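To keep things clear, I will list the structure first and then write my remarks on it.
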Amino acid sequence: MSLKSLELAGFKSFAKKATLSFDAPITGIVGPNGSGKSNVAEAFRFVLGEQSVKSMRGKRTEDLIWNGSDRMPRSNRASVKLTFDNARRLFDVDFDEVAVERVIHRDSSSEYLVNGSPVRLKDIVEMLGSANIGVSGHHIISQGEADRILSVNSRERKGMIEDALGLNVYLYKKEESERKLEKTRENINQVEGLRREVKPHLSFLEKQVEKIERAKDLQTALREAYGEYLAREEAYVKEIHARIDTSEKPLLEKQKTLENNLAEAKEVLSKLERADEKTRGVVEIETELKAARAEYDSALQVVGRIEGELAAVVRTKADEERKMSDEKEKTIPASIVLSHIEEIEGALLRKAVEEIILIIKRLREHVVSAASSLRKESIEMIKKREEELLEQKRTHEKDRDEKGRVIGDLEKRYAHLQKEIEEDRAGGRDAERSLFTFSNELSEVRVALERLRAEKETLKLEEEEYTRDTLEAKVLVGENNDRVHLASNESESRSAQKDRKKSIEKMKVRLEDAGLSGSGDVLKEYEEVRERDAFLEREILDLQKSAETLTELIDDLAETLSREFTEGVRKINDEFTKLFSLMFGGGTASLAIVREAVRRRRLSAGQAGVLEGEEMSIPDDEPEETEEGVEIKVALPRKKIRGLEMLSGGERALTSIALIFAMSQVNPPPFIILDETDAALDEANSKRYGDMIEDLSKRTQLILITHNRETMSRGGVLYGVTMGADAASQLLSVSFVEAVQVAK
């Protein structure tokens, strides 16, 4: 026996704990109307997971709990426990005995337990379904439900037969797979929607990245251009330095030698015995000549410095004029802004609000004004400076030339006196000649040194510009380690280097327009969005694969259901024909699979104003939908009755019993509960009914709730349900098997 016992406590009329043991193939439950015997069948429904309180003759959950009487208080909970023998592994759990229990409380909370451990309703349904036990299926049949299989439409009848054939497991899996497939398709739509939202932003970022890449290519080209320009500029500066150093060293040595020789010559002259007026005149002219030459050297140095600065101004003016002709290089000089900043700082020190406002206004006007006007102003300032330097140069050249004429006059006087002294002083002629020669040579050396000093000043300005270019290169392209390697004998004109500088200036303007600021954040965001898009793409592919797998599974389950259902109907037909003929003493009965047109119904409320469950109007040109169903065909012996509608009440009862028993014999469940299904049978049919029960009990356990004596006689154990003065149901039991043994 698979079914061992049923234990009730506080369930409906069973106020106290009551236990029914199922030790015989057929167990009968008898009792007067209103005693609570049908509550036993409802207890089976309850513990197996039935969720409809109405199907258990109640309105609310608390209607299933003992509500009390005058002599016994009400219960706060109801429990039903159903125990199975699992030695043959009826259920796929590693226990020899399985106890399924359901408990409810008055607050409508409930719990399910298997062998005392809490589980979900889903777990119980799956476990019972694997053993062909459903919540309210074909194995719990009342008198009304016996006739129901005849009165329902063909589609509902098909569902009842599927339940009897144990196909609910496949149906459950198919429905669950369809729900998963629908959810998967919803997820695909959601992910595709997310990807559509990401796409425009990704496209925008891709364009930004392309712009950044072009800017990086320009930056690379600028780095290479800077590399060659700075390398050549560095080589040029070193070359000029080396040339100046090479030229200056021998001149300094020669100057020192001439100064020593001149001092010696003067010493010789000073020692001459005859020191007359002419000699003193020579010494005075010599002193004046020295002073004049010193002044001349100073003027020469000033003119050299002015020429160097003038050359730098001329280069700057040429560069500014070039920039003025290039629209991309028209900028606002920093000197203007800095000058105004200095005015503002001065005004702040003076705390002059009006002056600050005036200066800010003037600064704003400068900023707003056209860049070309500023460039013109800059060029005008440079030209003005150039004119100032030219004027200074002319003034100092005039002063230099004047000092040169003074030197010339002094030299003439000096030569004249020398000549006279030479005539008078033969002895000092050589010394004087040497003094004159050394003086001339020393003057030439000093002029050469002054020229070198002027070149140094010019070179200093070029070095400063080189330093600025190096710093600017670091800012624009980073540390430049890509300078070209120049051969030691490689040289070129300065105009080529100037052209190279112009090209660099143009690339700088283009790089500033391209804009690399914030490129790191853009690239990071692009990578994040690109990875997000790739993830969504992979997600869609995974979901599509999952949908394909689910579709294949649904198709396989549908094929299995169709095959198993068709084969099951064939087997039921064989049994149904035999049992029908037995019940009626002849005749035929069979099941036929048909397809019926169905009207589609709205699945959700509130769509286009149609309420939930309302039929929708279907256009005439739209193809009609059909569903499978099962029709029953009967032909009674000796009567021209060929339809269920023409059967009497007793004939319907016999037909339904024959069909239910046929269904049960094809795929017998572990137990069947028959709740007064024999109520409409006469004595002769009760005998046939009893014979079928005994035959069915060979395949499954039977629990019979009955008033029929013939049916009672077939039971091995009878439970009598009575109701005492406390209005609670009580159990009495009689074991016919034990009675027979005692009688023997």
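Consider only pairs whose beta carbons are under 7 Å apart and that are at least six residues apart or on different chains; among these, list those whose first residue lies in the range 425-451 and is under 11 Å from L269 (Cα atoms) and whose second residue is surrounded by 19 or more Cβ atoms within 10 Å (Cβ to Cβ) and modelled with pLDDT of 80 or more.
From the range 425-451, the pairs are L435/L262.
Are any residues in the range 442-482 acidic (D, E), modelled with pLDDT of 85 or more and out of contact with any Gly (no Cβ under 8 Å at 6 or more places or on another chain), and if so, which ones? Explain how you work it out, then say what you get.
First pass over the range 442-482, keeping only residues acidic (D, E): 444, 450, 455, 457, 462-465, 469, 472, 479, 482.
In the following step, the residues that additionally are modelled with pLDDT of 85 or more were identified as 444, 450, 457, 464.
Once the filter is applied, which keeps residues that are acidic (D, E), modelled with pLDDT of 85 or more and out of contact with any Gly (no Cβ under 8 Å at 6 or more places or on another chain), the range 442-482 yields E444, E464.
Take K361 and tell me if it is modelled with pLDDT under 75, exposed (fewer than 13 other Cβ atoms within 10 Å of the Cβ) and in a helix (DSSP H, G or I).
Numbers: modelled with pLDDT under 75: yes; exposed (fewer than 13 other Cβ atoms within 10 Å of the Cβ): yes; in a helix (DSSP H, G or I): yes.
Judged against the criteria, K361 is a match.
Given the criterion over 23 Å from V630 (Cβ atoms) and of a type outside the set (S, T, N, Q), identify the matching residue among E559, E539. Show your work before the answer.
On the way: E559 fails: over 23 Å from V630 (Cβ atoms).
Step by step, each of E559, E539 is checked, and only E539 is over 23 Å from V630 (Cβ atoms) and of a type outside the set (S, T, N, Q).
For the range 55-65, which residues satisfy the criterion of being over 14 Å from I140 (Cβ atoms) and either free of Cβ contacts under 8 Å to residues at least 12 places away in the same chain or open to solvent by 10 Å² or more (accessible area, probe 1.4 Å) (or both)?
Taking the range 55-65 as the starting set, the residues that turn out to be over 14 Å from I140 (Cβ atoms) are 58-65.
Result: G58, K59, R60, T61, E62, D63.
How many residues are touching an Asp or Glu at 6+ places or on another chain (Cβ under 8 Å), closer than 16 Å to S729 by Cβ and either at pLDDT below 95 or surrounded by fewer than 17 Cβ atoms within 10 Å (Cβ to Cβ) (or both) when one looks only at the range 71-87? Quick ask: steps written out before the conclusion?
Residues of the range 71-87 that are touching an Asp or Glu at 6+ places or on another chain (Cβ under 8 Å), as a first pass: 71-72, 79-87.
Those left that are additionally closer than 16 Å to S729 by Cβ: 71-72, 79-80.
The next check asks that each one be either at pLDDT below 95 or surrounded by fewer than 17 Cβ atoms within 10 Å (Cβ to Cβ) (or both); those that pass are 71-72.
Residues that pass the stated criteria total 2.
Considering (1) of a type in the set (K, R); (2) open to solvent by 30 Å² or more (accessible area, probe 1.4 Å); (3) in contact with a strand residue (DSSP E or B) (Cβ under 6 Å, 6 or more places away or on another chain); (4) modelled with pLDDT of 90 or more, say which one R102 fails and leave the rest.
Here R102 clears every test but (2).
In the range 644-663, how many are of a type outside the set (A, V, I, L, M) and either open to solvent by less than 20 Å² (accessible area, probe 1.4 Å) or not in a helix (DSSP H, G or I) (or both)? Full working, then the answer.
If we filter the range 644-663 for residues that are of a type outside the set (A, V, I, L, M), which is where we start, we get 645, 648-652, 655-656, 661.
Now restrict to residues that are either open to solvent by less than 20 Å² (accessible area, probe 1.4 Å) or not in a helix (DSSP H, G or I) (or both): 648, 655-656, 661.
Going through the range 644-663 one residue at a time, the tally reaches 4.
From (1) out of contact with any Asp or Glu (no Cβ under 8 Å at 6 or more places or on another chain); (2) closer than 20 Å to R45 by Cβ; (3) not hydrophobic (A, V, I, L, M, F, W, C), pick out the condition that doesn't hold for S130.
Result: S130 passes all but (1).
For residues that are open to solvent by 50 Å² or more (accessible area, probe 1.4 Å) and not in a loop (DSSP other than H, G, I, E, B), scanning just the range 17-54, find the one that is farthest from T711 (Cα to Cα).
K54
With the structure loaded, tell me whether V114 is modelled with pLDDT of 95 or more, over 24 Å from R57 (Cα atoms), open to solvent by less than 20 Å² (accessible area, probe 1.4 Å) and hydrophobic (A, V, I, L, M, F, W, C) or whether it fails that test. Before you say what the answer is, go through the steps one by one.
Numbers: modelled with pLDDT of 95 or more: yes; over 24 Å from R57 (Cα atoms): yes; open to solvent by less than 20 Å² (accessible area, probe 1.4 Å): no; hydrophobic (A, V, I, L, M, F, W, C): yes.
In short, no.
Restricting attention to the range 415-437, which residues are modelled with pLDDT of 80 or more and surrounded by 16 or more Cβ atoms within 10 Å (Cβ to Cβ)?
Kept after step one, since they are modelled with pLDDT of 80 or more, are these residues of the range 415-437: 415-416, 436-437.
If the condition is that a residue be modelled with pLDDT of 80 or more and surrounded by 16 or more Cβ atoms within 10 Å (Cβ to Cβ), then F436 is the only one that fits.
Pick from L128, L121: which is closer than 25 Å to F11 by Cα, open to solvent by less than 20 Å² (accessible area, probe 1.4 Å), out of contact with any helix residue (DSSP H, G or I) (no Cβ under 9 Å at 6 or more places or on another chain) and not aromatic (F, W, Y)? Full working, then the answer.
Numbers: L121 fails: open to solvent by less than 20 Å² (accessible area, probe 1.4 Å).
That would be L128, the only listed residue that is closer than 25 Å to F11 by Cα, open to solvent by less than 20 Å² (accessible area, probe 1.4 Å), out of contact with any helix residue (DSSP H, G or I) (no Cβ under 9 Å at 6 or more places or on another chain) and not aromatic (F, W, Y).
For residues in the range 686-737 being part of a helix (DSSP H, G or I) and open to solvent by less than 10 Å² (accessible area, probe 1.4 Å), which is farthest from I672 (Cα to Cα)? It would help to see each step written out before you state the result.
Going residue by residue through the range 686-737, those that are part of a helix (DSSP H, G or I) are 686-696, 709-713, 736-737.
So of that shortlist, the ones also open to solvent by less than 10 Å² (accessible area, probe 1.4 Å) come out as 686, 689-690, 692-693, 696, 711.
Working: S686: 18, Y689: 15, G690: 15, M692: 13, I693: 10, L696: 10, T711: 15 Å.
The selected residue is S686.
Which residue pairs have Cβ atoms under 8 Å apart, sit 6 or more places apart or on different chains, and have a first residue in the range 86-98 that is touching a residue at least 40 places away in the same chain (Cβ under 8 Å) and a second that is open to solvent by 50 Å² or more (accessible area, probe 1.4 Å) and basic (K, R)?
Once the first residue is touching a residue at least 40 places away in the same chain (Cβ under 8 Å) and sits in the range 86-98, its partners that are open to solvent by 50 Å² or more (accessible area, probe 1.4 Å) and basic (K, R) give E97/K4.
The values are calculated or read from the model by the stated rules, or taken from the named source; none is laboratory data. If you're wondering where the values come from, they're calculated on a predicted model, not measured in any experiment. Backbone-built Cβ (ideal geometry, glycine too); neighbour counts: all protein chains shown. Each accessible area value is taken on the protein alone, full model and side chains, heavy atoms only, with ligands, DNA and RNA left out. Shrake-Rupley method; radii C 1.70, N 1.55, O 1.52, S 1.80 Å.
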